[in-house]
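J.: Below you'll find the structure I mean.
The values are calculated or read from the model by the stated rules, or taken from the named source; none is laboratory data. This structure is a prediction, so every number in the text was calculated from the model and none was measured. Positions of Cβ are backbone-derived with ideal geometry, glycine not excepted, and every protein chain shown enters the neighbour counts. SASA here: full protein model, heavy atoms, side chains in, ligands and nucleic acids out. Shrake-Rupley method; radii C 1.70, N 1.55, O 1.52, S 1.80 Å.
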Amino acid sequence: MRIGVFICHCGSNIAGTVDCAAVAAKAATYPDVAYATDIMYACAEPGQDAIIAAIKEHQLSGVVVASCTPRMHEPTFRKTVERAGLNRYMFEMANIREHVSWIGKDIEANTNKAAELVRMAAAKLRLNKELKPKSFPVTKRLLVVGGGVAGIQAALDAADAGLEVILVEKQPTIGGKMAKLDKTFPTVDCSSCILGPRMVDVAQHPNITLYAYSEVESVSGYVGNFDVKIRKKASYVDWVKCTGCGLCTEKCPARKSYDRFNEGVGPTTAIIIPFPQAIPKKASIEREHCRLLTGGKCGVCAKVCPTGAINYAMEDEIIEARVGGIVAATGYDLIDWKIYEEYGGGRYPDVVTSLQYERMLSASGPTGGHIKRPSDGVEPKDVVFIQCVGSRDPSIGRPYCSGFCCMYTAKQAILTKDHIPDSQSYVFYMDIRSPGKGYDEFTRRVQEEYKARYIRGRVSLVYPKGNKLIVRGADTLMGVQVEVEADLVVLAVGAEAASESAKLAEKLRISYDSYGFFMEGHPKLKPVETNTAGVFLAGACQGLKDIPSSVAQGSAAAAKAIGLLSRDMLDSDPQIAFVSANRCVGCGKCIEVCPFKAIQEIDLRGQPKAEVIETVCQGCGLCNATCPQGAIQLSHFTDNQILAEVEALCRF
Amino acid sequence: MSVLNTKELRIIGFLCNWCSYGGADTAGVGRFTQPTDLRVVRVPCSGRINPLFILKSLLGGADGVLVSGCHPRDCHYAEGNFYARRRLELLKGFLPVLGIDPRRFEYTWVSASEGQRWQHVVEAFTAQIHGLGPARGWPEAPELEILNAVAR
């Protein structure tokens with residue numbers, strides 16, 4: 001074999017702490033290395049051209065590039081060697097940037113380490129085999145998990161492009177958090193006026209199948225052909241018969257039920273239609289509140305329903321579907337604000353969350369758009385907003401900025417003035433973060449035009465005094481302690497990943513960070529892809545973002561899914577297991593451990609043998625480590641290849 | 001190959017591609033400085049790791065071996081790391097029998113987002129191996145006693 005080695009400088013990223021020329025000189029002495037050089041930017045066009053030229057000039061049959069992580073540029077360089085006529089798998093990378101130059105400053109140690117990593121890569125490359133992909137058909141159907149604004153956008157875009165879309169929403173209606181908002185910043189336009197038509201589009205689109213009040217139960221399969229099970233939770237109402245007339249919700253006697261849609265601002269009934277514009281506009285019974293389902297006596301809704309849609313015996317239903325790609329758009333939840341005892345959330349009724357306040361402002365909310373104190377129903381005059389409740393607080397494990405609270409607090413201060421012209425708003429803030437189009441102007445307007453008093457400092461205590469709440473805090477710009485007599489306190493509660501996002505990530509086999517947000521493929525260049533082919537991300541489930549960004553990411557995820565599913569056939573990754581029939585003893589251990597059921601038993605001249613189903617194998621290599629005979633080997637990561645890397649390190 | 005005489009020891013890491021290799025990349029992108037002893041072998045999944053690889057490394061002169069995969073339940077291949085955990089735990093218990101100090105081998109879980117955690121893992125393991133010093137091949141009598149104590 002004739003190996004060419006290219007040591008990338010990556011500008012000064014690598015060359016700053018690694019002597020690239022010395023590494024190249026050392027690499028030239030390794031077995032089978034016919035050519036070694038250092039190169040300024042291997043991934044840039046001149047760099048790639050130089051690699052191609054060297055392959056041709058020196059008749060190279062394999063290439064090692066020592067540069068950044070293979071998770072970044074392995075596909076790039078595989079294409080490069082392919083353009084020079086080599087098989088794309090006759091290529092190895094040595095990661096001398098993320099694993100060497102960026103984590104240490106000792107040039108001697110780094111240079112030595114880089115040279116050793118190149119030696120490992122070259123040793124492995126000597127055992128590489130040419131691999132060719134197989135192609136398999138694609139199911140042209142997309143699953144979107146989560147019917148918030150990001151999921152709605154992704155579903156509509158994909159459906160408009162002609163894909164069949166299955167939209168799964170956990171709640172009885174789509175709309176997500178945006179449907180709960182009264183107005184949106186920085187335009188102060190009505191949230192349901194802009195979201196409502198989109199929701200109707202979802203309901204009416206011929207390509208979209210909506211499963212509301214449903215959750216993803218399990219996902220198996222792989223890109224192009226995922227097999228999904230969806231649990232349609234029992235709503236105890238036959239949605240085919242239900243017309244959404246709402247008679248049942250008027251007559252239901254269980255009137256003290258927690259109103260999830262309205263964030264518990266007022267009570268609701270056990271059978272509900274979450275809000276007037278709900279999609280689908282169908283009633284559902286919340287089991288824990290229903291008198292008949294919990295106590296056995298009632299049945300009022302069944303009596304009044306004009307279409308006989310109520311079915312107390314309804315059970316969860318499992319729906320199976322095959323899809324080619326999946327978009328996760330599961331959004332966020334508010335953090336538990338009650339852990340801040342000093343603010344009195346959950347203890348004093350007049351301390352509310354931002355989302356509860358939003359429902360109070362909304363004309364379709366429980367107060368009909370009139371701001372009323374929960375304790376006595378009186379209109380508040382002095383409203384205090386406390387920012388960063390659960391954001392930027394390492395003490396509760398939430399060191400990040402939730403991103404949208406500064407803006408919605410400004411919006412709520414404006415709306416407060418609009419609703420109650422003689423009111424005064426106070427905002428306790430840490431910093432005003434408003435980096436968006438028209439955002440900073442907006443936060444200025446609320447102070448200058450709407451006369452909201454912004455106080456830079458934290459609140460140390462909220463306590464009741466008569467029928468008022470005293471908010472005690474610091475004004476760090478004035479260097480004084482301040483106390484504000486408030487009628488109502490609104491906590492700008494920070495957000496965290498949706499409560500069950502980790503469970504979903506495990507089902508989708510995607511990664512999530514320590515906060516539960518899903519990991520994108522690359523923080524800059526693959527913002528909507530994940531490391532699991534065919535699974536894309538949209539909206540706040542990937543990281544907190546406001547409505548415009550969520551919509552943009554919804555469209556981006558749809559574009560990626562459309563790109564994937566526009567193809568009739570996909571190439572399977574040839575880095576999969578293969579069986580040497582003459583070594584296989586037919587013990588079947590590999591069949592047992594394979595998580596993908598990609599190995600089957602076949603009969604070879606009367607002997608049982610294992611056989612890999614090539615388009616199903618995902619290349620994990622579990623079977624390889626299990627086989628007592630070493631008969632099943634993972635292509636590109638065979639025992640011998642890994643041991644060659646080990647030996648390159650140990651023998652010397 | 002010289003390991004920069006006494007400055008470095010020979011530490012080999014087997015990292016799964018999806019979580020821990022990504023975590024090591026994240027550590028690099030974040031410029032989380034680490035000791036330079038570790039050399040990483042990339043494997044698709046921690047379940048791909050045959051205990052033989054670790055033994056071969058240790059018998060072949062490695063002073064320490066570190067294995068890292070996805071956190072349990074978060075495996076890219078659904079369940080590979082569960083198999084890895086069983087195999088590696090068994091291997092760790094078996095090392096003293098072979099006369100190898102089990103402290104020379106550790107396995108852990110680091111996700112692709114945990115750059116800082118990776119830094120801590122590498123620092124701690126490297127310090128542990130430096131504490132043990134270079135591996136000496138087959139152990140001599142005093143070390144055997146220590147090994148027996150550890151095994152107990």
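J.: For peptide A:67-74, what's the mean number of Cβ atoms from other chains within 10 Å of each residue's Cβ?
T.: 3
J.: Heavy-atom accessible area of A:Tyr348 with all protein chains present, probe 1.4 Å, nearest 10 Å²?
T.: A:Tyr348 exposes around 50 Å² with every protein chain in place.
J.: Further, regarding this structure: Kirkwood Rh and Cα-based Rg: tell me the resulting Rg over Rh for region B:32-96, rounded to two decimals.
T.: 0.99
J.: Sticking with this one: I need the shape label for region A:247-304. Rule: rounded when a/c is under 1.5, else prolate if a/b > b/c, else oblate, with a, b, c from the alpha carbon gyration tensor.
T.: Oblate shape, in that a/c is at least 1.5 and b/c is the bigger or equal ratio.
J.: For the pair A:Lys79 and A:Ala21, how long in nm is the line joining their label points, each one 7 Å along Cα→Cβ?
T.: In this crude spin-label approximation the distance works out to 3.3 nm.
J.: Another one. To make sure I understand the rule: partners must be lysines, Cα under 26 Å from the Cα of A:Lys417, and not fewer than 8 residues away in the same chain. Which ones qualify?
T.: A:Lys177, A:Lys180, A:Lys183, A:Lys372, A:Lys381, A:Lys437, A:Lys451, A:Lys465, A:Lys468
J.: Further question on the same structure: In chain A, if the dipole is taken from +1 on Lys/Arg beta carbons and -1 on Asp/Glu beta carbons about the Cα centre, which of A:Asn262, A:Gly403, A:Ala486 is farthest to the positive end?
T.: A:Asn262
J.: Excluding A:Gly16 itself, what net charge comes from residues whose Cβ is under 15 Å from its Cβ, given Lys and Arg +1 and Asp and Glu -1?
T.: Local charge sum for A:Gly16: -1.
J.: Solvent-accessible area of A:Met430, probe 1.4 Å, all protein chains present, reported in Å² to the nearest ten, please.
T.: The value for A:Met430 is about 50 Å².
J.: Spin-label point model (7 Å from Cα, Cβ direction): what's the A:His522 to A:Thr294 distance in nm?
T.: 5.3 nm
J.: Then there is this: Please compute the length gained on full extension between A:Arg583 and A:Lys303, using 0.36 nm multiplied by the number of residues separating them and subtracting their Cα-Cα distance.
T.: Stretched fully, the A:Arg583-A:Lys303 segment lengthens by 93.7 nm.
J.: With a sphere of radius 15 Å drawn around the Cβ of A:Gly630, what net charge do the other residues whose Cβ falls strictly inside it have (Lys, Arg +1; Asp, Glu -1)?
T.: Net charge in that neighbourhood comes out at +4.
J.: Viscosity 1.567 mPa s, temperature 4 °C: give me the Stokes-Einstein translational D for region A:511-611 in µm²/s, with Rh taken as the Kirkwood radius over C-alpha pairs.
T.: Translational D for this selection: 76 µm²/s.
J.: If you don't mind, there's one more thing I want to ask. Of all trypsin sites (Lys or Arg not before Pro) in region A:412-484, which ones are in loop regions per DSSP and have a Cβ with at most 16 other Cβ atoms within 10 Å?
T.: A:Lys437, A:Lys451, A:Arg458
J.: Let me ask something else. Quantify how much of the Cα-Cα distance distribution of chain B extends past 20 Å, in percent. Numbers along the way, then the final one.
T.: On the way: 5479 of 11476 pairs.
Of all Cα-Cα distances in chain B, 48 percent exceed 20 Å.
J.: What is region A:335-496 by shape, rounded, prolate or oblate, if you read a ≥ b ≥ c off the alpha carbon gyration tensor as root eigenvalues and call it rounded for a/c under 1.5, prolate for a/b larger than b/c, and oblate otherwise?
T.: The shape class here is rounded.
J.: Rounded to the nearest 500 deg cm²/dmol, what is the calculated helix-only ellipticity per residue at 222 nm for chain B, with -39500 (n - 2.57) per DSSP H run of length n ≥ 4?
T.: -13000 deg cm²/dmol
J.: Using a 10 Å cut-off on Cβ to Cβ distances, tally the other chain neighbours for every residue of A:624-635 and report the average as a whole number.
T.: Whole-number average of other-chain Cβ neighbours for A:624-635 is 3.
J.: Using only the Cα atoms of the protein assembly as shown, what do you get for the radius of gyration and for Dmax, in Å?
T.: Reported Rg and Dmax, both Å: 30.5, 92.
J.: Could you tell me the center-to-center distance, by alpha carbons, between region A:401-448 and region A:451-473 in angstrom?
T.: 17 Å
J.: Would you rank A:Lys183, A:Lys256, B:Lys56 by solvent-accessible area, highest first, keeping every protein chain in place and using a 1.4 Å probe?
T.: A:Lys256, B:Lys56, A:Lys183
J.: From a point 7 Å beyond the Cα of A:Ala533 in the direction of its Cβ, which residues of region A:216-236 have a backbone N at a distance under 13 Å?
T.: Under 13 Å, as judged by backbone N against the label point of A:Ala533, lie A:222-226 of region A:216-236.
J.: For helix A:639-650, report the angle its Cα long axis makes with the longest principal axis of the Cα atoms of chain A; keep it between 0 and 90° and round to the nearest 10°.
T.: So the helix axis and the longest Cα principal axis differ by about 80 degrees.
J.: Once the piece of chain linking A:Glu317 and A:Gln204 is laid out straight, how much longer is it, given 0.36 nm per residue of separation minus the C-alpha distance between them?
T.: 38.4 nm
J.: For A:Lys113, give me every one of the lysines with a C-alpha distance below 26 angstrom, ignoring sequence neighbours fewer than eight places off in its own chain.
T.: A:Lys26, A:Lys105, A:Lys124, B:Lys7, B:Lys56
J.: Then there is this: Place +1 on the Cβ of every Lys and Arg and -1 on the Cβ of every Asp and Glu in the protein assembly as shown, take the dipole about the Cα centre, and give the residue among A:Leu210, A:Ala114, A:Leu247 whose Cα lies farthest towards its positive end.
T.: Working it through, the farthest residue towards the positive pole turns out to be A:Leu247.
J.: Using only the alpha-carbon atoms, how far is helix A:70-83 inclined from the longest principal axis of chain A? Give it as 0 to 90 degrees, nearest 10.
T.: Between the helix axis and the principal axis of chain A, the angle is about 50 degrees.
J.: What is the sum of charges, Lys and Arg at +1 and Asp and Glu at -1, for the other residues whose Cβ falls under 13 Å from the Cβ of A:Asp513?
T.: So the surrounding residues net to -2.
J.: Name the shape class, rounded, prolate or oblate, that the alpha-carbon gyration tensor gives for region A:3-125, where a ≥ b ≥ c are the square roots of its eigenvalues, rounded holds for a/c under 1.5, and otherwise prolate holds if a/b is larger than b/c and oblate otherwise. Can you show the working numbers first?
T.: Details: a/c = 1.75, a/b = 1.45, b/c = 1.21.
Since a/c reaches 1.5 and a/b is larger than b/c, the shape of region A:3-125 is classed as prolate.
J.: From other protein chains only, count the Cβ atoms within 10 Å of every residue's Cβ in B:76-89, then give the mean.
T.: 4
J.: Need the list of lysines near A:Lys241 for cross-linking: C-alpha distance under 18 angstrom, and skip anything on the same chain fewer than eight residues off.
T.: By straight Cα distance, A:Lys241 reaches A:Lys232, A:Lys233, A:Lys281, A:Lys282, A:Lys303.
J.: Grab the DSSP H runs of chain A that are 4 residues or longer, score each as -39,500 (n - 2.57), total them, divide by all residues and round the 222 nm result to the nearest 500 deg cm²/dmol.
T.: It comes out at -8000 deg cm²/dmol, rounded to the nearest 500.
J.: Still on this model: Distance between the C-alpha centers of region A:537-568 and region A:205-245? Whole Å please.
T.: So the two Cα centres are separated by 20 Å.
J.: Sticking with this structure for a sec: On a C-alpha basis, how far is the centre of region A:598-652 from the centre of region B:66-142 in Å? Whole number, if you could?
T.: 23 Å
J.: With axes computed from alpha carbons, what is the tilt in degrees of helix A:191-204 against the longest principal axis of chain A, rounded to the nearest 10 within 0 to 90?
T.: Result, in degrees: 60.
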